[in-house]
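Structure record follows, encoded as structure tokens.
The values are calculated or read from the model by the stated rules, or taken from the named source; none is laboratory data. Computed from a prediction, not measured in an experiment: that's the story for all the values here. For neighbour counting, all protein chains shown are included, and Cβ atoms are generated from backbone atoms with ideal geometry for every residue, glycine included.
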Amino acid sequence: MNLSIRHGLMALAVMGMLAHAPVASAQEKMVTIGTGAVTGVYYPAGGAICRLLNKDRKQHGIRCFVESTGGSVYNIHALRNGDLTFAIVQSDWQYNAYRGEGIFDDGPAFKDLRSVFSLHSEMFTVAARADSGIRSFGDLAGKRVNIGNPGSGMRAIMQDLMIRHGWSKSSFAALSEMRPNEAVKALCEGRIDAMVFAAGHPNGLIQEVTNQCQAKLIPVEGKEVDALLSDSPYYARTAIPGGMYSGNSQNVPTFGIKATLVTTSETDPEIVYQLVKAVMDNFDDFKTLHFVFATLNRDAMVSAGLTAPLHPGAERYYLEQGLIIK
């Protein structure tokens, strides 16, 4: 089945499951997981976690709901404001929020932020029209580029890279702020020359834009990227494998981060414990709920990309299972 269609069916299945869930009883504790756009990976990922937690709700009395949001940066602000119980965020913005650095340096450090576990790896991805003349990241200057919707992690990464290249809005023919699914359509219709995207691979939207519009994946490398990775311990060099997408036969160098599930110190440890238990005790099932989960490793999930302290509820489970030693 086409990955884009498969991805859409998964998202619709998750939405249907949640939309038709019975109303929570007065005895149940309700929790929400903030994710991202419905067409992205975070939304079905949150739905997969909720599905496993809800499976045993009669025993633990917790009901989980997934919420579509603007993405990582939005989720961190919503967690701080108490509007979400859990959230999926990029590991770089987890790092900066906990320390009050980067785009979070205008307020106090989010010291109540707590890690639960990490998920799939995400790669900073640039797709360009074949007729755009864009062959390297530096070629984006002077072009029409979608830099991502406000509040998204990919938008924040792009802004960091723009600063390091000495670029401003005037450095481009046009900048747009569309969500990934909207940007795919705009690229195919010739309204933009390139789009940036942070995603696990294989990805349905990238498959769509390479199949239908013959888009090319652009290497993200150079001295500015070298400096970014040197300054940022949450990033790592990686490559999008050649042959994964139509018309892109060579490995495409870039860098990546982890998607991570986080909460706050205010969340009941029993709730966090039961959520972690639901996922880890059903780990083989969890890995089948979305294709980007196929390579997940339990040992790596308890540490990779986690720069905020572990929540005590998560720590309790990991200690019981011997996944960490204290």
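Residues considered: Gly142, Gly151. Of these, the only one that is in contact with a Phe, Trp or Tyr (Cβ under 6 Å, 6 or more places away or on another chain) and surrounded by fewer than 20 Cβ atoms within 10 Å (Cβ to Cβ) is Gly151. Looking only at the range 37-60, decide whether some residue is modelled with pLDDT of 95 or more, surrounded by fewer than 19 Cβ atoms within 10 Å (Cβ to Cβ) and in contact with a helix residue (DSSP H, G or I) (Cβ under 6 Å, 6 or more places away or on another chain). Yes, the range 37-60 contains at least one residue that is modelled with pLDDT of 95 or more, surrounded by fewer than 19 Cβ atoms within 10 Å (Cβ to Cβ) and in contact with a helix residue (DSSP H, G or I) (Cβ under 6 Å, 6 or more places away or on another chain).
Taking each residue of the range 136-152 that is farther than 21 Å from Cys188 by Cβ and looking for partners that are buried (at least 16 other Cβ atoms within 10 Å of the Cβ) and small (Gly, Ala, Ser) with beta-carbon atoms closer than 6 Å, six or more apart or interchain, yields Gly151/Gly70; Gly151/Gly71. Could you tell me whether the range 113-120 includes any residue that is out of contact with any Lys or Arg (no Cβ under 8 Å at 6 or more places or on another chain) and in the same structural domain as Pro241 (by TED's automatic domain parsing)? Within the range 113-120, none of the residues are out of contact with any Lys or Arg (no Cβ under 8 Å at 6 or more places or on another chain) and in the same structural domain as Pro241 (by TED's automatic domain parsing). On the stretch given as the range 131-175, residues that are of a type in the set (Lys, Arg) and outside any loop (DSSP other than H, G, I, E, B) total 4. Residues of the range 291-309 that are surrounded by fewer than 23 Cβ atoms within 10 Å (Cβ to Cβ), in contact (Cβ under 8 Å) with a residue 12 or more places away in the chain and either under 17 Å from Gly46 (Cα atoms) or not assigned by TED's automatic domain parsing to the domain that holds Cys64 (or both): Phe291, Val292, Phe293, Leu296. Scanning the range 210-222 for residues that are farther than 17 Å from Asn251 by Cβ and out of contact with any helix residue (DSSP H, G or I) (no Cβ under 9 Å at 6 or more places or on another chain) yields a single hit, Gln214.
Is there a residue in the range 93-108 that is closer than 24 Å to Leu217 by Cβ, buried (at least 21 other Cβ atoms within 10 Å of the Cβ) and in the same structural domain as Ala308 (by TED's automatic domain parsing)? Checked against the condition, which is being closer than 24 Å to Leu217 by Cβ, buried (at least 21 other Cβ atoms within 10 Å of the Cβ) and in the same structural domain as Ala308 (by TED's automatic domain parsing), the range 93-108 yields at least one hit. Arg80 meets each of the listed conditions (1) surrounded by 15 or more Cβ atoms within 10 Å (Cβ to Cβ); (2) in contact with a strand residue (DSSP E or B) (Cβ under 7 Å, 6 or more places away or on another chain) apart from (2). Candidates are the residues of the range 169-206 that are at pLDDT 95 or above and out of contact with any strand residue (DSSP E or B) (no Cβ under 9 Å at 6 or more places or on another chain); the one that is nearest to Gly133 (Cα to Cα) is Gly190. Scanning the range 23-36 for residues that are crowded, with 20+ Cβ neighbours inside 10 Å and modelled with pLDDT of 95 or more yields Val31, Ile33, Gly34, Thr35.
If you check Val184, Val209, Val196, Val262 for being crowded, with 24+ Cβ neighbours inside 10 Å, touching a residue at least 24 places away in the same chain (Cβ under 8 Å) and assigned by TED's automatic domain parsing to the domain that holds Tyr98, only one passes: Val262. Residues of the range 53-71 that are free of Cβ contacts under 8 Å to residues at least 60 places away in the same chain and of a type in the set (Gly, Ala, Ser): Gly61, Ser68.
In the range 210-235, the residue that is farthest from Tyr43 (Cα to Cα) out of those that are of a type in the set (A, V, I, L, M, F, W, C) and touching a Lys or Arg at 6+ places or on another chain (Cβ under 9 Å) is Ala227.
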